[in-house]
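Throughout, read-outs are computed from the coordinates displayed, never taken from laboratory work. None of the values given here were measured: they were computed from a predicted structure. Every residue, glycine as well, gets a Cβ built from its backbone with ideal geometry; the counts of neighbours run over all protein chains shown.
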Amino acid sequence: PPRPAAEARFVRQLSYEVYVADAQERVALGPSEFGRLDRLPSECPVCLQAIKPITLLGRFAGKAERERADVAFVCPRPECRSIFVGYYKVQDYFSRQCTLLVAFPHRHREVPIGDQIRKLSPEFANIYIESTAAESLGLLAIAGVGFRKALEFLVKDFACHVVSTDDEKKAVREAGLAKVIATHIADPHARAVASRAAWLGNDETHYVRIWQDKGISDLKELLRLTVVWIESYLAGERYLSDMPG
């Protein structure tokens with residue numbers, strides 16, 4: 001649909017500042033200064049829909065000279081039309097290469113966590129949701145530590161579920177994560193998966209990273225697989241209780 005007259009004048013007024021070159025978005029960031037954006041936001045942070053945004057204008061920002069570039073975009077969806085800002089890190093002063101960090105304002109997605117897992121480990125659910133929110137804001141150092149903590153709560157709450165006595169539960173709470181995994185996850189495949197989740201989680205908390213080719217996405221996938229196994233265990237436990245042999 002055609003733009004309203006006022007919006008059309010506004011976009012025409014700014015359009016001279018933006019054009020595409022070398023398959024990258026090249027944006028005016030100051031008088032006679034341009035930056036090359038590595039990519040445009042692929043999702044509107046307000047309506048959370050996949051888009052190709054309309055670029056309005058950009059400016060250098062930050063305490064240090066040309067430390068950051070802020071670029072204003074418009075969501076093209078008629079149902080939204082929100083203006084949002086992409087924050088870019090200026091990687092190189094001379095080439096003006098800019099890498100997208102995050103877009104604001106940001107509305108967090110709901111994280112699907114099953115009722116069985118929420119009941120088993122409410123703290124896991126809370127930590128996982130907070131870690132996902134941190135990741136969506138580009139706070140990867142914080143998110144990684146959070147996912148590692150979520151894993152520990154999940155595994156220890158599961159271990160406390162399968163043991164019987166208070167002394168055993170106390171021992172679980174006080175033991176290291178690796179020992180709890182080795183002792184209380186009986187299935188060899190699930191135990192191996194949870195152990196590797198712990199390895200990557202430790203990389204997020206320690207000074208030296210051992211698994212250089214793995215990152216938060218791998219940690220999240222191993223954590224997801226651990227959740228799936230625990231959900232399967234709990235579902236099977238429920239049926240065995242309902243249908244005694």
Which distance in Å, rounded to a whole number, links the C-alpha centroids of the stretch 178-224 and the stretch 56-109?
34
P(r) tail fraction, the stretch 145-206 - alpha-carbon pairs more than 19 Å apart, %:
25
For the cross-link pairs Lys169/Lys220; Lys169/Lys214; Lys170/Lys214; Lys156/Lys220; Lys179/Lys220; Lys149/Lys170, which exceed 24 Å when the distance is taken from alpha carbon to alpha carbon?
Lys169/Lys220; Lys169/Lys214; Lys170/Lys214
So what does log10 I(q)/I(0) come out to for the stretch 71-173 at q = 0.16, 0.22, 0.23, 0.24 Å⁻¹, using the Debye formula with one equal point on every Cα and no solvent?
-0.83, -1.12, -1.15, -1.19
For Asp38, Asp203, Asp242, what ranking results if the residue with the fewest other Cβ atoms within 10 Å of its Cβ goes first?
Asp242, Asp38, Asp203
Expected unfolding gain across Thr205-Ser232 under the 0.36 nm per residue rule, minus the alpha-carbon gap, is 6.8 nm
Label-to-label distance, nm, for residues given as Asp242 and Asp115 (7 Å Cα→Cβ offset)
1.1
Binned Cα-Cα distance frequencies in the stretch 174-238 - 5 Å width, integer %
4, 18, 25, 23, 18, 9, 3, 1, 0
Burial ordering of Lys156, Lys89, Lys119, fewest other beta-carbon atoms within 10 Å first
Lys119, Lys89, Lys156
Please arrange Leu154, Leu219, Leu57 by how many other C-beta atoms lie within 10 Å of their C-beta, fewest to most.
Leu57, Leu154, Leu219
So what's the net charge close to Trp211: Lys and Arg +1, Asp and Glu -1, counting the other residues with Cβ under 12 Å from its Cβ?
-1
Taking only the alpha carbons of the stretch 93-245, what extent do you get along each of the three principal axes, in Å, biggest first?
73, 33, 25
Could you tell me which chymotrypsin sites (Phe, Trp or Tyr not before Pro) in the stretch 87-123 are loop residues by DSSP with no more than 16 other beta carbons within 10 angstrom of their beta carbon?
Tyr93, Phe94
Given points 7 Å out from each Cα along the Cα-Cβ axis, report the Ala178 to Ser82 separation in nanometres with one decimal.
4.4
Quotient of Cα Rg and 2.2 N^0.38 Å for the stretch 33-112, N being how many residues it contains:
1.14
Net +/- balance of residues flanking Gly236 in space, Cβ distance below 15 Å, scoring K and R +1, D and E -1
-3
